[in-house]
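Data block below; observations after.
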Amino acid sequence: MSKAKVTAIVGGQWGDEGKGKIIDYFAQNADLIIRAQGGDNAGHTVINSKGTFKLNLVPSGIFNPKTKNIISHGTVVNPNTLIREIIDLNQRGVKTTNLFLSENAHLILDFHVYLDKLNEERLGKSKIGTTVRGIGPAYTSKVKRVGLRAGLIKNPRRFREELTSVLSIESQIFKKTLLPPEFKPQFYEKYFKLWSKMLGDLIKDTNAFVWETLEKNSKILIEGAQGTLIDLDYGTYPYVTSSNPTINGLLLGSGIPANNLTQSYGVFKAYQTRVGGGGMPTELKDTIGDQIRQKAGEFGTTTGRARRVGWFDGVAAAYSHKVNGFTNIALTRLDILSGMGEVRICSEYRFDRKRMRDFPSDDAVLKKCEPMYQSFKGWKEDLSKIRKFDRLPKEAQRYCKAVEALFPGAKLSLIGVGPEREALIRV
Ligand code: IMP
């Protein structure tokens, strides 16, 4: 067992659970934060004394001058997005000297973005609804063993050679005469110098640093992106992302051996949202859904798309707990439900006229599941100034306890009652 205390923060639903706020809370006294999977499809909003920041790749520990931040080998990184993010942070007075990029992180290049768009167009009506950031194609290149890794940025000559060979493979779907510019090596000439100047010093063997930190009396945070229900293996395939946002994926992608994990926080929103296609039994297509969407500003951080909104899905949440084995739960955005006459939790599905308590593995089945609800009396009070659980209206307490009961063995430890860092109840 290492000396370090390691906490993993995992999205329990379809992503956008408000993980940024929970990560920011832990980040304040973390020694090291590791972003372990995904890429700039993620968007974390962090609100602190320096302002409102929308981060796609850079871990939230960047705001604490003592915290080291790693974008690890499990991620896929678009160098241009990362550079833009670094410049924006620097211009707003946030230093990025504690930011490191694993030499083994795979790069997303413009041809991956091109392929993502093309795949979606070809799928037509049954498109995944991706963020079109090239995530799927970049992970595909990695699995096909023709990926380009960040370490190449430090060696432009080798980068050119490998890129030329990779493009000759990845461009086979096009006729030679109709090759889009993104599939020609010359297209990337404009980038080599910029990437090496802006990112060269950040690129390291980050696992060596992770293992060193594990041996110290330190606090390490693994920052999950996306959510359990869009996990490549456990999610609603094919309407999933191309990485594993579940605990096992975070361990694989971060360099932390499994027995060094101290605690795992599942982050759940007090209601639920989803972007893109795929089943969502509790989706609210009515005015209640619109009301929650508007009040909560449920529009994508990365793409601006309106998110689908629904009641808390207890069947999906219990599944998420089985997959991850959470030790603790964080419930976010409880304040959004204030003012509703009634709030609901889906306790089971009805499918084919039968009751169903297990989350189905087939998205086609999920799409046909009808939600069966447990109804709770709502509350009117504004929760944003409340910092103690027993100060919450009794109805809100009852709702929280019903949520906690869905996670046997785990404790509801944090409740978000507003967007600011301080708007958090420690239970
Ligand atoms: P991709 O990750 O861009 O390939 O998109 C695959 C699916 O995951 C789509 O339904 C996206 O909307 C969804 N997705 C990707 N990243 C996020 C996220 O950070 N939050 C919520 N949904 C996401």
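A short reminder: the numbers here are calculations on the coordinates, not readings from a lab. Everything numeric here is computed off the predicted structure, so don't read it as measured data. All Cβ positions, glycine included, derive from the backbone under ideal geometry; neighbour counts span all protein chains shown.
In this structure, the residue pairs whose Cα-Cα separation is over 28 Å, taken from LYS175/LYS204; LYS21/LYS295; LYS21/LYS380; LYS117/LYS190, are LYS175/LYS204.
Hey, got a sec? Which GluC sites (Glu not before Pro) in the range 191-230 land in a DSSP loop and have at most 11 other Cβ atoms within 10 Å?
Taking the range 191-230 and a limit of 11 other Cβ atoms within 10 Å, the loop GluC sites (Glu not before Pro) found are GLU215.
Other residues lying with their Cβ under 14 Å from the Cβ of MET198 contribute a combined charge of +2, Lys and Arg counting +1, Asp and Glu -1.
For the range 165-218, trypsin sites (Lys or Arg not before Pro) meeting the loop criterion (DSSP other than H, G, I, E, B) and having at most 15 other Cβ atoms within 10 Å: LYS175, LYS216. When the alpha-carbon atoms of the chain are used, the pair Rg, Dmax equals 21.6, 70 angstrom.
Count charges around PRO180 for me, please; just the other residues with Cβ under 14 Å from its Cβ, Lys/Arg as +1, Asp/Glu as -1. Overall, the nearby charge balance is -1.
Relative contact order for the range 375-427: 39 percent, from Cα pairs under 8 Å spaced at least 6 residues apart, divided by residue count. On the principal axes of its alpha-carbon atoms, the range 240-299 has extents of 47, 23, 19 Å, going from largest to smallest. Considering only HIS321, MET356, GLY341, and ranking their Cα positions along the charge dipole of the range 294-404 that arises from unit charges at the beta-carbon of Lys, Arg, Asp and Glu, the one farthest toward the positive end is GLY341. Taking a ≥ b ≥ c as the square roots of the eigenvalues of the alpha carbon gyration tensor, the range 1-83 is rounded, as a/c is under 1.5.
Anisotropy class assigned to the range 302-427 is prolate, per the alpha carbon gyration tensor with a/c at or over the 1.5 cut-off and a/b larger than b/c. Measuring max minus min along each principal axis, the C-alpha atoms of the range 6-151 give extents of 45, 33, 32 Å (largest first).
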